[in-house]
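Structure first, commentary second.
The values are calculated or read from the model by the stated rules, or taken from the named source; none is laboratory data. None of these values were measured; they are calculated from a predicted model. Methodologically, a virtual Cβ is constructed for each residue, glycine included, from the backbone with ideal geometry; neighbour enumeration extends over all protein chains shown.
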């Protein structure tokens, strides 16, 4: 069993299901993304650069697009707890796939231009 499998297995079922849904959604958008563990949490990379980190917690899913994405999408994320590079999606709410899609498109373009 690798580090990624261990991470998912150690999550409560409801949180694991959300994490896998997010993972699969992003991989549909970026099928060549490479999944690794960075900073102890699942990370998807493209062109050997971090596309997104995400993690499961008791009360929320942590979504880590970086500070620039937080700034760009500040109007779209007003209803979520945020910090410099993090958005918290409460576990009791549906996953905001429309927002995730916009953020991943932004991050993909950002990486492409680096």
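Looking across segment 89-105, the residues that are surrounded by fewer than 19 Cβ atoms within 10 Å (Cβ to Cβ), without any contact (Cβ under 8 Å) to a residue 60 or more places away in the chain and closer than 16 Å to residue 68 by Cα come down to 99, 102. Number of residues in segment 83-99 that are out of contact with any strand residue (DSSP E or B) (no Cβ under 7 Å at 6 or more places or on another chain) and at pLDDT 95 or above: the value is 6. The residues of segment 15-37 that are surrounded by 11 or more Cβ atoms within 10 Å (Cβ to Cβ) and either over 22 Å from residue 96 (Cα atoms) or more than 14 Å from the chain's Cα centre (by Cα) (or both), listed by number, are 34, 36, 37. Test of understanding: among 52, 77, 61, 46, which residue is surrounded by 15 or more Cβ atoms within 10 Å (Cβ to Cβ) and either without any contact (Cβ under 8 Å) to a residue 24 or more places away in the chain or at positive phi (or both)? 77 is the lone residue from the list that is surrounded by 15 or more Cβ atoms within 10 Å (Cβ to Cβ) and either without any contact (Cβ under 8 Å) to a residue 24 or more places away in the chain or at positive phi (or both). Report yes if residue 69 is at pLDDT 95 or above, farther than 14 Å from residue 22 by Cβ and buried (at least 19 other Cβ atoms within 10 Å of the Cβ), otherwise no. Criteria met by residue 69.
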